[in-house]
Each structure stands twice: as C-alpha cells, then as structure tokens.
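Written below as structure tokens is the structure these notes are about.
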C-alpha cells in the first residue's frame, strides 16, 4: 500500500481546519440549530460530502471545536501544574488561575456546546460524559486536602463545592456584570480557600 504523500496529509489537515473554523463561526453567528452542513461546507469552500466524510455529523463538529480549545489551552499540562502544588492554599490559588484560563480561552467553545446540547441529543450525551470526566479529573485537586479541610467538611463535599464554584456559568455571569478575568480569578481563589480549608 502506497504511503500518503505529505502534501496530501497537509491538504487533509487544512481542509479539516477550514471546516472546523467555518462551523465555529456559523454556530456563533446563526446558532447550532439553524446552521446546516451545507452552510458549513459553503463557508469552508468544500462539498457537503467532504464535511460528512471528515466528521460524520454536525454534532461531531461540536466535539472537534471543544477538543481544539482544550488542546490550544494546554489543559492537561496546566492541570498537572495545579496538582504539583502541595501547599493547600497555593494549590487552590493555582486552580483558580487554571480555571480562569480555561474559561477565558474557551468561552466560544462552551457557548456553542451549551447551545447545541439543547437541541441535539448526540451532543447532550457527549457533554454529559465530558462533565463526568471533568468531575473525576478535578477530584484530584481536592483529594489530597483531606487533612486540611475545614471542620465537618468531607472530601466529597469539598469536591462538590469546587465543581459548583468553578462552573462556567458563574464566570460568564460575573463577566457579564463587568468583572474582569483577573477579578474573577482573585475572587475564586479567596472563596475556595475560605470554603474548603480549615
């Protein structure tokens, strides 16, 4: 079997990027429900069949937009930096910095995801699975704090508080009320330390 030429690989990669960029733009401008695969193909200057060949469905494009955001944001590496902090206060402060960066860089992807999940069961199932994955990953932040938690607070409840306080809806609400990202970060850091640590 002949190897795929580098130029062809580049063409495929650039085509995928063009389709993702077109979908992101249209989902934000017109909404997920009102955007068709034909619209996306026209914006990306490809045939509709190419979109289906590359991604399989419109719902899959939402996943690709999210995955591109997580990769560009360096999510895995940044979370590892949080987990490397052993001091409880510094750990929660680092987490506040981490989550602020996530929402600053990912507000478009999150808005698309929230819009799409309202009308597409495939996206809704995918988002439910991602939220479970997020919850499991962020449990690593609170688990080592067991002996430093405030009196009567269990590790599970500490985890619940961290998840609730760091939801994107809270970030968006405060930004909508004129808060800067830095103000949100500082507030979240202080609140997490007050709510979790003894």
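Checking each residue in the stretch 151-175 for being under 16 Å from residue 198 (Cα atoms) and surrounded by 12 or more Cβ atoms within 10 Å (Cβ to Cβ) picks out 153, 155, 157, 158, 159, 161, 162.
Got a sec? Which helices (runs of 4 or more DSSP H) wholly within the stretch 1-119 have at least 2 residues that are within 30 Å of residue 142 (Cβ to Cβ) and in the same structural domain as residue 188 (by TED's automatic domain parsing)?
Working: elements: 6-30, 37-44, 48-55, 58-72, 75-83, 88-117.
Passing ranges, in order: 58-72, 75-83, 88-117.
In the condition set (1) closer than 14 Å to residue 98 by Cα; (2) not in a helix (DSSP H, G or I), residue 152 is compliant with all but (1).
Please tell me if residue 61 is surrounded by 13 or more Cβ atoms within 10 Å (Cβ to Cβ), out of contact with any strand residue (DSSP E or B) (no Cβ under 9 Å at 6 or more places or on another chain) and under 16 Å from residue 134 (Cβ atoms). So that I can check it myself, show each step before the final result.
Numbers: surrounded by 13 or more Cβ atoms within 10 Å (Cβ to Cβ): yes; out of contact with any strand residue (DSSP E or B) (no Cβ under 9 Å at 6 or more places or on another chain): yes; under 16 Å from residue 134 (Cβ atoms): no.
No: the conditions fail for residue 61.
Tell me whether the stretch 158-168 contains one or more residues that are under 21 Å from residue 24 (Cβ atoms) and either modelled with pLDDT under 95 or not assigned by TED's automatic domain parsing to the domain that holds residue 74 (or both). Explain how you work it out, then say what you get.
In the first step, residues of the stretch 158-168 are kept if they are under 21 Å from residue 24 (Cβ atoms); the result is 168.
Keeping just the survivors that are either modelled with pLDDT under 95 or not assigned by TED's automatic domain parsing to the domain that holds residue 74 (or both) gives 168.
Checked the stretch 158-168: at least one residue is under 21 Å from residue 24 (Cβ atoms) and either modelled with pLDDT under 95 or not assigned by TED's automatic domain parsing to the domain that holds residue 74 (or both).
Looking at 183, 139, can you tell me which residue is surrounded by fewer than 14 Cβ atoms within 10 Å (Cβ to Cβ) and within 27 Å of residue 84 (Cβ to Cβ)? Walk me through how you get there before you give the answer.
Values: 139 fails: surrounded by fewer than 14 Cβ atoms within 10 Å (Cβ to Cβ).
Testing whether each residue is surrounded by fewer than 14 Cβ atoms within 10 Å (Cβ to Cβ) and within 27 Å of residue 84 (Cβ to Cβ) leaves just 183.
Please tell me if residue 88 is farther than 26 Å from residue 173 by Cβ and in contact with a strand residue (DSSP E or B) (Cβ under 9 Å, 6 or more places away or on another chain). Yes: the conditions hold for residue 88.
The values are calculated or read from the model by the stated rules, or taken from the named source; none is laboratory data. Predicted, not measured: the structure shown is a model, and the values here were computed from it. Cβ coordinates were reconstructed from backbone atoms using ideal geometry, including for glycine residues, and neighbour counts include every protein chain displayed.
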